[in-house]
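Take a look at the structure set out below.
The values are calculated or read from the model by the stated rules, or taken from the named source; none is laboratory data. If you're wondering where the values come from, they're calculated on a predicted model, not measured in any experiment. All Cβ positions, even for glycine, are placed from backbone atoms using ideal geometry, and neighbour counts span all protein chains on display. Please note that ligands, DNA and RNA were not included when accessible areas were found on the heavy atoms of the full protein model with its side chains. Shrake-Rupley method; radii C 1.70, N 1.55, O 1.52, S 1.80 Å.
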Amino acid sequence: MNTTSGIVIMAVMAILFFIISSWKKKMIRETLEQFKEKANSYTLVIEGCDWGPVIKKIIVNTDSISNFKDNDMSPSMFSVTAEGKHREVTECYFCDLNGNQLENSKENDHIALELSVHPLHSEESPFSWNEKAQLNEWKTEYPYIISHPKFENPITVCNDMFCPQTTAFNDIKTFNRLSACYYAPPTYDDGNKHPLIIWLHGAGEGGNDTELVLLGNKVTALAEDKIQAYFPEGAYVLCVQNPTVWMSHETNYDITKDEVLDKSSQYTEECMHVIKEFVKKHKAIDPSRIYLGGCSNGGYMTINLLLHYQNYFAAAYPICEAYNDKWLSDEDIETLKKTPLWFVASESDKTVIPEEHIIPTTKRLPNAKVSLFKDVHGEDGTEYNGHWSWIYLFNDKCSYTDSSNNKQSLWSWLATQTL
């Protein structure tokens, strides 16, 4: 009886093992098939710009590449339309799967198309604006049509998309409602202590996808050489994301109502928990050199955290901060005086009015540094919405000239601050 039962059990287990093994193999095949590059398809390459993310390059996978000659590789011979609008090809070349240029078509079967971009062309962006949620979100479709005389048919299948700039950042588990990602400098394990730069996003970048934070503004610049060069040992970067907006006591923007006396965010403790746990886990971070900043809604949250957690941050850099000056008591101002501050904003800001925020607040903080620009222009001279003063921060255009006519950038100043 026992022998028979044992044989039956072993047989059942063998069958179950076979079923589970077959199921796993099927799932693996389906997963590999899902991510396998499709024939005659295109991959979109995203780049973060002053005004947000754009699709700057297309990697075309085509069976027709063997028919191409050198004189076929002219930008004018390619036709690209996106959402029914023409996109200009500025450069084309043979490339590998990741878009790296190759000498000739024999080495691979891909062609890279570099595209012109413009801040007012919405079809170039991978984002769309959700008016109801008041948040950026990824577009669900990318209807490109790519043609060339040597293509048998126009290429219309989107294979994938990626952004090289965001690959330097890694998502982390927060164990609360917030999301977060971070950058670790290549030298993080060199035995030295490293500063930490914290970024708190604006209203449009809420959600649970940190790439919205990294690309909604040019936040990836914090991990790039231009800014990292101010920190010789290399600086960590931590970006914290909430699911809605920071300016929320119980519901979105309810703290802006005069009858709400407590102007603190419902995410205050959770945000600080994420920061402290990150510092605790990463032993290479110097706890005396933690720098806090953010734009608009994130500028509000910057001030909010400074008021609640004194003597934790070595310095702060609020950008177009939305903490109305009338909410700040004299006691609050005394608290803020304990932290070195550098404010950035634009006089032409119609979203967060400077006369209600940065101007009266910095008058009450005589030692705070201020970069108050007349309006907002990008690197190429394009004029933008006056609220977008974070463009100056990420392009390293914020500077201060002291009484001795010595000029110092915001980032060089920040790098010297310590508790």
Tell me which residues, restricted to segment 128-167, are in contact with an Asp or Glu (Cβ under 7 Å, 6 or more places away or on another chain), modelled with pLDDT under 95 and not in a strand (DSSP E or B).
PRO143, LYS150
Does TRP342 meet the test of being in contact (Cβ under 8 Å) with a residue 60 or more places away in the chain and either farther than 24 Å from LYS263 by Cα or small (Gly, Ala, Ser) (or both)?
no
Is it the case that ILE353 is of a type in the set (Val, Ile, Thr) and open to solvent by 20 Å² or more (accessible area, probe 1.4 Å)?
yes
If THR268 meets every condition in (1) within 15 Å of LEU200 (Cβ to Cβ); (2) open to solvent by 10 Å² or more (accessible area, probe 1.4 Å); (3) of a type in the set (S, T, N, Q) apart from one, which number is that one?
(2)
Having 1 or more residues that are at positive phi and either surrounded by fewer than 18 Cβ atoms within 10 Å (Cβ to Cβ) or not acidic (Asp, Glu) (or both) is the bar; report the strands (runs of 3 or more DSSP E) wholly within segment 42-90 that clear it.
52-61
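Quick grid of which residues meet (1) surrounded by 17 or more Cβ atoms within 10 Å (Cβ to Cβ); (2) of a type in the set (Lys, Arg); (3) on the phi > 0 side of the Ramachandran plot:
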| residue | (1), (2), (3) |
| --- | --- |
| ASP96 | no, no, no |
| GLY99 | yes, no, yes |
| LEU102 | no, no, no |
| SER116 | no, no, no |
| LEU120 | no, no, no |
| SER125 | yes, no, no |
| PRO143 | no, no, no |
State which residue is most open to solvent (accessible area, probe 1.4 Å) when the search covers only segment 321-350 and only residues that are closer than 23 Å to ASP396 by Cα and polar (S, T, N, Q).
SER348
Being at pLDDT 95 or above, farther than 25 Å from SER76 by Cβ, open to solvent by 20 Å² or more (accessible area, probe 1.4 Å) and assigned to a helix (DSSP H, G or I), is that true of even one residue in segment 169-186?
no
Quick one: count up the residues across segment 273-308 that are surrounded by 18 or more Cβ atoms within 10 Å (Cβ to Cβ) and not hydrophobic (A, V, I, L, M, F, W, C).
12
Which ones in segment 100-120 are among the acidic types (Asp, Glu) and modelled with pLDDT under 85?
GLU103, GLU107, ASP109
Could you please find all residues in segment 264-297 being in a strand (DSSP E or B) and under 22 Å from the mean Cα position of the chain (by Cα)?
ILE285, ILE290, TYR291, LEU292, GLY293, GLY294, CYS295
